[in-house]
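Report on one structure; see the data block that follows.
The values are calculated or read from the model by the stated rules, or taken from the named source; none is laboratory data. Everything quoted here is computed from the prediction, not taken from an experiment. Backbone-built Cβ (ideal geometry, glycine too); neighbour counts: all protein chains shown. With ligands, DNA and RNA removed, areas are computed over all heavy atoms of the protein, side chains included. Shrake-Rupley method; radii C 1.70, N 1.55, O 1.52, S 1.80 Å.
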Amino acid sequence: MSAGVVIVGGGQAGFGVASTLRACGYDGPVTVFGSEPHLPYQRPPLSKKAHTGPDDLQVSLVPETFYRERDIDLRLDEEVVSLDRAARTVTARSGARVPYTHLVLATGARNRPLTVPGADLDGVHAVRSLDDALAVGRALATAGDVVVVGGGFIGLELARVALAGGARVTVVELADRLLGRALSPALEPRLRERHERFGVRFLTGTAVRALEGPGRVERVVTSAGVLPADLVVYGIGAAPREELARDAGLAVADGVLVDELLRSVSDPWISAVGDCARGPHPHAAGPVRLESVQNATDQGALVGRRIAGREPEPYASLPWFWSDQGDVKLQIAGLRAPSDEVRLTAGDSPERLAAYAFRDGLLVAVETLNWPAEHLAARRLLAHGTPVTAADLAGTTLGALARARRATEVRT
C-alpha cells in the first residue's frame with residue numbers, strides 16, 4: 001500500500017489530526033489505529049455520566065460514515081506493537097505492516113494502578129475507557145457504600161455521581177488536600193465545603209492499605225480506620241503511553257519529548273500529540289505534559305495543518321480545563337505555579353468564586369467555581385496576552401475590567 005499519514009491512537013487527539021488533514025485538503029492515505037473496539041469518542045462524559053445507561057452515554061465524536069466519506073482508514077481494536085523508524089513502518093498486533101511518510105503518536109495515557117492487597121477483587125473499578133464507565137454505571141445501580149480512592153477531577157466527579165444515585169460516599173485522598181496539583185490551596189476548602197454540604201465525606205491525608213472481602217470487596221482498610229464498601233472506584237493519576245516511542249529509540253521523559261511544532265526531538269517524521277506528548281509551552285516555565293480535551297484537540301489540529309502543508313506554527317494555545325462535580329462547575333484558565341500569589345474574589349452570588357493567580361505582578365491563571373462568564377473573560381485576556389495586574393483587579397472582576405477597557409478603547 002502507498003505510504004501516507006499513520007496515526008496511532010483513536011482518541012480526541014488522533015481524531016483531530018485525521019479530521020484536520022482532510023479539512024485542509026490532504027489527499028494522501030490516512031490510517032488511524034484505535035486499540036478499543038469503539039469509534040473515537042469523548043472521554044469527559046465518562047466520569048460525569050457514568051450513572052447513565054449505554055443508550056444515554058452516547059459519546060462518539062462523529063458517526064462511522066464520517067471516516068468512510070473522507071477515505072480515512074479507521075482500524076478499530078487494532079493495537080500498534082512496533083515501530084521501525086528506518087523502514088518507516090508500523091506493525092499491528094494482527095501482523096499488518098503499514099508504511100508512513102509521517103507518523104503521529106496519539107497514544108494517550110493509562111490509569112496508574114491501585115497496588116494495595118485486594119485491588120483485584122470484584123467491585124473495584126477504574127475509569128478510563130467507555131467500557132470502564134459502563135461497568136461503573138452498572139455497579140452504581142445497586143451500590144450502597146461507595147469509596148472513591150483519589151481526590152482529583154475523576155474522583156470528585158464520580159463521588160457526586162454516586163451521591164446522586166443515593167449511595168453513601170467517602171473519598172479517600174493520600175494528600176492533605178483535594179486536587180493538590182490542579183487547584184490552589186486558597187480555593188480548595190471552598191470546593192470541599194460545597195461537596196460536604198451535600199453529604200460527601202472526605203478523608204484527606206489518609207492512605208488506603210488494603211481492600212478486603214470474600215471475592216468481592218466489602219471493606220476498605222485505611223490509615224484512619226475501616227470503611228464499608230460494596231463499590232470502590234479509584235482515580236489516582238495517569239501515566240503516558242510511551243512504550244512504543246521508547247522501544248523505537250525516541251526520547252521520552254514522562255511523555256514523548258517534542259519541540260515547539262510537536263515533532264519528536266529525535267525524529268522529524270514523527271509527531272506526538274495529546275496526553276502522551278511533553279514539550280515547551282509559552283504558558284509554562286519548562287516542558288509540560290497536559291491531560292485535557294482542549295490540549296488534545298488543539299495539538300491534533302495544529303499537527304494536521306502542518307502535515308497538510310500549512311505554515312508551521314509553534315504550539316501556544318492557552319491551557320484550560322473544566323470539571324462538572326454535581327452542582328459545582330470548576331473551570332481553570334492558564335497554568336498556576338505553586339509559588340504564584342493567589343487572591344480570592346467573590347462573585348455576585350454566594351456560589352460564585354474566583355481565584356486569581358499572579359506571577360511577577362501579572363495575572364497568569366484563574367480558577368472559578370460556578371462562574372462561567374469570569375472563566376471566559378480570563379481565557380480571552382490570557383490568550384491575547386493582555387497584561388492584568390493585582391492593582392487592576394482591586395475591587396473588580398475580570399469581566400468588569402474587560403468591559404471597562406473596551407469602553408475606553410471605543411471612546412478613544
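Residues considered: 119, 86. Of these, the only one that is of a type in the set (Gly, Ala, Ser) and within 26 Å of the chain's Cα centre (by Cα) is 119. Just one of (1) in contact with a helix residue (DSSP H, G or I) (Cβ under 6 Å, 6 or more places away or on another chain); (2) modelled with pLDDT under 95 fails for residue 301. It is (2). I'd like to verify a number: residues in segment 233-273 that are of a type outside the set (A, V, I, L, M, F, W, C) and assigned to a helix (DSSP H, G or I), how many? Matching residues across segment 233-273 total 3. Just one of the numbered conditions (1) more than 29 Å from residue 195 (Cβ to Cβ); (2) free of Cβ contacts under 8 Å to residues at least 60 places away in the same chain; (3) open to solvent by 10 Å² or more (accessible area, probe 1.4 Å) is not true of residue 388: (3).
Residue 35 meets the conditions (1) open to solvent by 50 Å² or more (accessible area, probe 1.4 Å); (2) under 30 Å from residue 174 (Cα atoms); (3) touching an Asp or Glu at 6+ places or on another chain (Cβ under 9 Å) in every case but one. The failed one is (2). Exactly one residue out of 55, 71 is out of contact with any Cys (no Cβ under 8 Å at 6 or more places or on another chain), open to solvent by 70 Å² or more (accessible area, probe 1.4 Å), over 30 Å from residue 172 (Cβ atoms) and at pLDDT 95 or above, and it is 71.
Within segment 387-407, being charged (D, E, K, R) and modelled with pLDDT of 90 or more holds for one residue alone: 392. For segment 298-306, the count of residues that are more than 30 Å from residue 399 (Cα to Cα), open to solvent by 10 Å² or more (accessible area, probe 1.4 Å), of a type outside the set (Ser, Thr, Tyr) and in contact with a Lys or Arg (Cβ under 6 Å, 6 or more places away or on another chain) is zero. Does at least one position in segment 98-113 carry a residue that is within 30 Å of residue 356 (Cα to Cα), among the hydroxyl-bearing types (Ser, Thr, Tyr) and at pLDDT 95 or above? Taking every residue of segment 98-113 in turn, none turns out to be within 30 Å of residue 356 (Cα to Cα), among the hydroxyl-bearing types (Ser, Thr, Tyr) and at pLDDT 95 or above. Which of the residues belonging to segment 337-379 are in contact (Cβ under 8 Å) with a residue 24 or more places away in the chain, within 24 Å of the chain's Cα centre (by Cα), surrounded by fewer than 22 Cβ atoms within 10 Å (Cβ to Cβ) and part of a loop (DSSP other than H, G, I, E, B)? Matches in segment 337-379: 337, 340, 370. Residues that are touching a residue at least 60 places away in the same chain (Cβ under 8 Å), open to solvent by less than 30 Å² (accessible area, probe 1.4 Å) and among the hydrophobic types (A, V, I, L, M, F, W, C) were ranked within segment 309-333; the one that is farthest from residue 257 (Cα to Cα) is 328.
For residue 235, the test of being under 20 Å from the mean Cα position of the chain (by Cα), surrounded by 14 or more Cβ atoms within 10 Å (Cβ to Cβ) and on the phi > 0 side of the Ramachandran plot is failed.
Let's see how each residue does on (1) modelled with pLDDT of 95 or more; (2) among the aromatic types (Phe, Trp, Tyr); (3) surrounded by 22 or more Cβ atoms within 10 Å (Cβ to Cβ); (4) touching a strand residue (DSSP E or B) at 6+ places or on another chain (Cβ under 8 Å):
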{"position": "4", "(1), (2), (3), (4)": "yes, no, no, yes"}
{"position": "9", "(1), (2), (3), (4)": "yes, no, yes, yes"}
{"position": "23", "(1), (2), (3), (4)": "yes, no, no, no"}
{"position": "28", "(1), (2), (3), (4)": "yes, no, no, yes"}
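Close contacts from segment 21-38, counting a first residue that is under 16 Å from residue 69 (Cβ atoms) and a second that is polar (S, T, N, Q) and surrounded by fewer than 18 Cβ atoms within 10 Å (Cβ to Cβ), with Cβ to Cβ under 8 Å and a gap of 6+ residues or different chains, come to 29/2.
Evaluated against (1) open to solvent by 40 Å² or more (accessible area, probe 1.4 Å); (2) more than 23 Å from the chain's Cα centre (by Cα); (3) modelled with pLDDT of 95 or more; (4) aliphatic (A, V, I, L, M), residue 410 falls short on exactly one condition, (3).
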